[in-house]
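The values are calculated or read from the model by the stated rules, or taken from the named source; none is laboratory data. Computed from a prediction, not measured in an experiment: that's the story for all the values here. With ideal geometry, Cβ positions are generated from the backbone for all residues, glycine too; neighbour counts draw on all protein chains shown. Calculation scope for accessible area: heavy atoms of the full protein, side chains included, ligands and nucleic acids excluded. Shrake-Rupley method; radii C 1.70, N 1.55, O 1.52, S 1.80 Å.
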Amino acid sequence: MARQPSPCQRRSKLQVVHPDAAAIDIGARFHVVAIPPDRDPEPVRRFDSFTHELERLADWLVHMSITTVAMESTGIYWIPVFEILEERGLDVILANAREVKNVPGRKTDINDAQWLQRLHAYGLLRGSFRPTQELASLRALVRHRERLLAYSASHIQHMQKALMEMNLQLHHVVSDISGKTGMRILRAIVAGERNPVVLASYRDWRCKSSEETIRQALVGHYREEHVLALRQSLALYDTYQEHVADCDRHIEQALIALAESAPMPTRPLPPARRYVGNKPNAPTFGLRELLYKVLGTDLTQIHGLGAYLVLKLIAECGIDMARWPTAKHFTSWLALSPGNKISGGKLLSSRTRRTKSRAAALLRLAATVIGRTETALGAFYRRLASRIGKAKAVTATARKMAILFYNTLRFGWQYQDPGANYYEARYRQRLVSNLHRRAKSLGYELAPVQAFEKVVS
């Protein structure tokens, strides 16, 4: 007779959390779908990636009374399936591949789909972050704009190469050839002007180099093949700039739509904390005002967060910070918090996880910039950089900025900069307290220098 399990063993068994769960192993050419074995004589099926096949997949899942679907994918092959199933009212999650690793030696698409379905039925999967449809559209526009800027930047390098081959040292005497001075001169060269005196006269009054220096830099060999390369690179750069302007119009319309659905801010937009000039790649419309209408708070009050950076952050992280219970959960999702690799009661490593998060990369870049400012965050960065190195200081400063971003956006906190001397004073106070404690443990008592001199005299 088989031994009956004890009550404790029966309670320890896994409970089915999602009885109506299905799973999809996403591929480039076809998808393998698994549902509970008792729903259909053929619980695992294969569907091609064509749209009519995806519609048939959705019909089958709805007919089998499936309510939630988990999928595993690489690349962007999951997006069409996700959107079609979401339109049918199914609860769809994209599982992290690290959490669904199968047993080694049994790697097939069918086994993957069945294993994924079993894990999802027991509630052992967590869905990856997916914003709302409006924010997903904004994210796609912002990412596309970044790609256009990257493409245009490559053509700036092509123009610099053509200038160097003609021995025109314009990019050495002008800080940015895509600025007013550089563009005027480049367009004149493409139009046929070769006189360096005339070309130098296009200098903008704000250019630091003198007209004579620019004239000397524009004496070179205007070979036809290099001028052709310069002309075509400039034309391609202008084309991408036109596409960026078109993309800005779509981003503005997306923000206006979000602002119309958001509640009206209770307070007027506060004045800018500091003067910020026109950034070369920032949108030209009133971005800060639109973001304030969408968010209800001014995140640019936080040092290091400009309007364009805030736009990219909300495109990546969304607006609803309640998805993360605490700021620690948010920084952990960004992989900016220390890791915990413990074995045998010993901490083996506390290094942060590697991540491809665009939001984390943006915050790290902002941390390196703010380290050169006379602000509290800048002093925090410099203090850590002198003690633990610049790499760790960048991560710690980025984490602090992420916490400020989270608390301001979720709880409406008003950021007040305590000043550059804030962390210096805290460090000095902590150092003095440690010295007092060590002196007391050794049977001594510390006294200020002035008081000691009075006692001696």
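The table for this structure:
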read-out: Boolean, G89 is at positive phi, under 30 Å from the mean Cα position of the chain (by Cα) and free of Cβ contacts under 8 Å to residues at least 40 places away in the same chain; value: yes
read-out: Residue check for R139: of a type in the set (K, R), part of a helix (DSSP H, G or I), open to solvent by less than 20 Å² (accessible area, probe 1.4 Å) and touching a residue at least 60 places away in the same chain (Cβ under 8 Å); value: no
read-out: Helices (runs of 4 or more DSSP H) fully within the stretch 24-133 counting 3 or more residues that are at pLDDT 85 or above and within 23 Å of W324 (Cβ to Cβ); value: 78-87
read-out: Matching residues in the stretch 258-269 - criterion: being in a helix (DSSP H, G or I) and surrounded by 14 or more Cβ atoms within 10 Å (Cβ to Cβ); value: L258, A259
read-out: Residue match in the stretch 157-176 (condition: open to solvent by less than 40 Å² (accessible area, probe 1.4 Å), more than 19 Å from E316 (Cα to Cα), in contact (Cβ under 8 Å) with a residue 24 or more places away in the chain and among the hydroxyl-bearing types (S, T, Y)); value: no
read-out: Filter result for A153 (surrounded by 13 or more Cβ atoms within 10 Å (Cβ to Cβ), at pLDDT 90 or above and out of contact with any strand residue (DSSP E or B) (no Cβ under 8 Å at 6 or more places or on another chain)); value: yes
read-out: Where a residue in the stretch 405-425 is closer than 22 Å to G371 by Cα and its partner, wherever it lies, is of a type in the set (D, E, K, R) and in a helix (DSSP H, G or I), with Cβ under 7 Å and at least six apart; value: Y423/R383
read-out: One residue from R364, R358, R399 being touching an Asp or Glu at 6+ places or on another chain (Cβ under 7 Å) and at pLDDT 90 or above; value: R358
read-out: Scan of the stretch 346-366 for residues that are buried (at least 16 other Cβ atoms within 10 Å of the Cβ), in contact with a Gly (Cβ under 7 Å, 6 or more places away or on another chain) and small (G, A, S), ordered by number; value: A366
read-out: Hits in the stretch 374-409 (condition: within 19 Å of E424 (Cβ to Cβ), of a type outside the set (A, V, I, L, M) and buried (at least 17 other Cβ atoms within 10 Å of the Cβ)); value: T375, G378, F380, Y381, R382, T397, K400
read-out: Every residue from the stretch 307-331 that is crowded, with 19+ Cβ neighbours inside 10 Å and polar (S, T, N, Q); value: T331
